[in-house]
Amino acid sequence: MNIKEIAKKAGVSVATVSRVLNHPESVAPETKERILNVIEESEYTPNWFARGLNFNKTDTIGLLIPNILNPSYMEIAKGVEDVAHQKNYTTLLCNAENAVEKERKYVDSLQKRRVDGIVLVSSMLENEDVEGIKKQGIPVVLIGENKGDIKDVPIVRIDCEGAAYKAVRHLIDIGYKDIAIIYGTTPERENKRKIEGYIQALAEEGISEREEYIQEAANTIEGGYIAAKRLIDLKRRPRAIFTSSDLLAFGAIDAMKDHEIKVPEEVAFVGFDNIRMSNLIDPKLTTVEKPMHKMGVVGARLLFDIMDTKDEENNSREILLQSKLKIRKSCGHRERIGEIF
Amino acid sequence: MKTDFLGLKMKNPIIVSAGPWNRDGKSIRKGIAAGAGAVITETIVSDALLDVRPRIAYNGQGAQNIRLYSDIQVEGWQREMDIAKSKEGIVIASVSAHTPSELAYLAMKMEKFGADAIELGISSPMGESLEVVASDAERVYEMTKEVVRNVKIPVIAKLSQNATNISKVAKAVKSAGGSGVSAINTIRCILGVDIDTMEPTLSTYGGYSGAPIRPLGLASVASIAQAVDIPICGIGGIENYKNVLEYIMLGASAVEIGTAVMINGFERITAITNDLEQWAEEKGVKEVKAIRGAALKHLKSFEEIKIEPVVSHIDTPFCNAACEACVKACVYGAIQKQEHKMILDSEKCTGCGLCTFVCPDKKFMLDW
């Protein structure tokens, strides 16, 4: 049943039904009651998409994540959704799959659906793409650093370089010198920063970086497995490996097990993200805790700030959240107090 | 007894401190209704998590808590602040975060929701890290500065005894533009160990509060007052109006009370404010500033303490109490008790003063 049929059944004009739905205070009480009864009887629900066209408001936001199979992005998504849900908004989740064309297509589709705002997680878009979205009057917020050079958009991020530095520093402090890094091809800028942090920590100790210790891999469990195999085959096998994500660490540890190499006794590991599984694998993974859920929550808040206030000032806001080294067993650390705090 | 704290005109210097007793708008109203000059919200964080269970322990003297943050998300605090501020009363928002930008954002939100001031909860000794933020003057400076830059309402930083030099941290707050400091937060602790099960009272390190930490709070407030010209809110183990006066006389403009409310309920706030009013009336003290810091001038350096040849005296040597506390406590062997007669050897007595504290009848005094 559509609005015309409701109007006919209630004996009023379409405009009156529309007013009952959108400005009920402007309709006489008896008329309102009669129309609402008809609506209830006929189980009519308004066409929300059409409503969006009229009101320029659809109570939906778009959320683009690089890879739906990576649990770290699901934690971020949960944070965004938690806030959106509290605000009675629906979140449309789009999986960009680390492909800029797919990401652009989704953005286009979200714009057509008149979403009220868009959250981009570790986006591959360029500044001009985002300028285009903003011109449509749709606010954008970034979570994590984007690949391109997006400007004048609020961002929630962590200091990837500092976090990687601390992780590698921790391995050095335990006593390892031959330390390798496995980094994912995506997210590109964030992983580049992690490599910088890795190199800085080594340089500070006067450990010269070895090219064969810096291994690139697809940011997946399989990618970690393959890169680890390359490290295992080296003449001078590293004693410790820092990975740019937990998934890479899982794959690499799996490779160690297949080659009967003991973790952490023969090769130690520090991961990045602290996804929930990292506490369940054996040995429990020492990793950089990225406040993923909090990044999602704060990112969504920044988006609603702009949506609610249209305040341009919010566009320059950058919120840096703190990551933390979560010490467990895979790094070979022996001070229990370090695991507690 | 009125006080002007951070430019807030308070009807009395009693503030209900941050904690689960102020977990929502309704409970904040209870503190205001009980007569508090101001109430501080339970500490609000960016991402409220589920609390651990159990998380509070008490041994009759002091309490240990592990992680007491608000489980209401920021969005929910808009509603709670509306309730809290629905009638008269000063409401201060306690916020906690790990970076300056995160902290400033929370503070801005709470300002928007109607908070009269912000307290920075940057000194929690729980789970966060081995070194509390408030032990690092530089980080405290950065955090305070970023918050001050972003809000118009007064900002106070809550400091910790888990710092080697608390005055230095208070100075950092002042130079960052902070309006005041509150001291002290709880102190890292383990309340005890059950020797049968060999388990600690609670399952991780926590923060110690209650009467046992009062002497530490008093010393911290005094040392800040003697080093930095900044309004201070005294915290730690306040149980009655006398404790309030102790903090004020050592330099505090206001005080916070938490554990006493947790154990005894909001009635304790009413009792303390009434007793304080009565004392102030009897003494003719109208405002806190009339007595603030009055005890500080009696705090001396060792070289300023004039050594008088005092020894212990008692007026009447007769004592029939079944008690030998003084005899046991006299490390110099100057006190003996024969039947009901006290014998003091003034040659052996070195005037240490301990007997004047241990005697339940207060028979001893120092004199020369």
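Readers should treat all values here as calculations from the given coordinates under stated rules, not as data from a laboratory. Computed from a prediction, not measured in an experiment: that's the story for all the values here. As a convention, Cβ positions derive from the backbone with ideal geometry for all residues, glycine included, and neighbour counts pool all protein chains shown.
Please go through the residue pairs A:Lys57/A:Lys135; A:Lys257/A:Lys290; B:Lys283/B:Lys306 and name each one whose alpha carbons sit more than 23 Å apart in this structure.
A:Lys257/A:Lys290; B:Lys283/B:Lys306
Of all the Cα-Cα pairs you can form in the protein assembly as shown, what percent are over 38 Å apart?
It works out to 52 percent of all Cα pairs.
Ignore the peptide's own chain and count Cβ atoms of other chains within 10 Å of each Cβ in A:319-326; give me the average, rounded.
4
For chain B, modelled as a Gaussian network with Cα springs under 10 Å, which listed residue fluctuates most, B:Ala97, B:Ala280, B:Ala254?
B:Ala280
Within chain B, what percent of beta bridges assigned by DSSP are antiparallel, to the nearest 5?
Rounded to the nearest five, the antiparallel share is 45 percent.
In the stretch B:115-253, what percentage of the DSSP-assigned beta bridges are antiparallel, given to the nearest 5?
In the stretch B:115-253, DSSP labels about 35 percent of beta bridges as antiparallel.
Once you mark the trypsin sites (Lys or Arg not before Pro) that are in a DSSP loop and have at most 15 other Cβ atoms within 10 Å, what is the longest gap between them in chain B?
Excluding the exposed sites themselves, the longest stretch runs over B:153-285.
Count, for each residue of B:129-140, the Cβ atoms from other chains sitting within 10 Å of its Cβ, then give me the mean as a whole number.
What the average comes to for B:129-140 is 1.
Between A:Glu33 and A:Glu313, 0.36 nm times their residue separation minus their Cα-Cα distance comes to what?
Length gained between A:Glu33 and A:Glu313: 96.4 nm.
Give me the distance in nm between label points sitting 7 Å out from Cα along the Cα-to-Cβ direction at B:Val193 and B:Val358, one decimal.
Label-label distance for B:Val193 and B:Val358, simple model: 2.9 nm.
Of A:Lys102/A:Lys284; A:Lys78/A:Lys326; A:Lys105/A:Lys151; A:Lys78/A:Lys329, which pairs sit farther than 26 Å apart, going by alpha carbon to alpha carbon?
Too far apart for the 26 Å limit: A:Lys102/A:Lys284; A:Lys78/A:Lys329.
Which of the trypsin sites (Lys or Arg not before Pro) found in the stretch A:60-151 are loop residues per DSSP with 12 or fewer other Cβ atoms within 10 Å of their Cβ?
Qualifying residues, ordered by number: A:Lys151.
Which whole-angstrom value gives the distance between the alpha carbon centres of the stretch B:287-317 and the stretch A:141-212?
Result: 59 Å between the Cα centres.
Quick one: work out the % antiparallel among DSSP beta bridges in the protein assembly as shown, nearest 5.
Of all bridge pairs located within the protein assembly as shown, approximately 30 percent are antiparallel.
What's the center-to-center distance, using Cα atoms, between the stretch B:120-182 and the stretch B:214-277 in Å?
19
Quick one: if the Förster radius is 56 Å, what FRET efficiency do A:Asp152 and B:Asp4 give, using the C-beta to C-beta distance and rounding to 0.05?
Taking R0 as 56 Å, the efficiency between A:Asp152 and B:Asp4 is 0.85.
If I stretch the segment between A:Val100 and A:Ile226 completely, what's the gain in nm (0.36 nm per residue apart, minus their alpha carbon distance), one decimal?
Extending this stretch completely gives an extra 42.8 nm.
Please give me, ordered by residue number, the GluC sites (Glu not before Pro) of the stretch B:314-347 that lie in loop per DSSP and have at most 10 other Cβ atoms within 10 Å.
Of the GluC sites (Glu not before Pro), the ones in loops of the stretch B:314-347 whose Cβ has at most 10 other Cβ atoms within 10 Å are B:Glu339, B:Glu347.
Between B:Thr201 and B:Val52, 0.36 nm times their residue separation minus their Cα-Cα distance comes to what?
Value of the extension gain: 52.2 nm.
Given the C-alpha centroids of the stretch B:1-67 and the stretch A:272-305, what is the distance between them in whole angstrom?
Comparing the Cα centres of the stretch B:1-67 and the stretch A:272-305, I get a distance of 30 Å.
Enumerate the residues in the stretch A:237-251 having an amide nitrogen under 17 Å from the point lying 7 Å beyond the Cα of A:Arg334 toward its Cβ.
Under cut-off, by backbone N: nothing.
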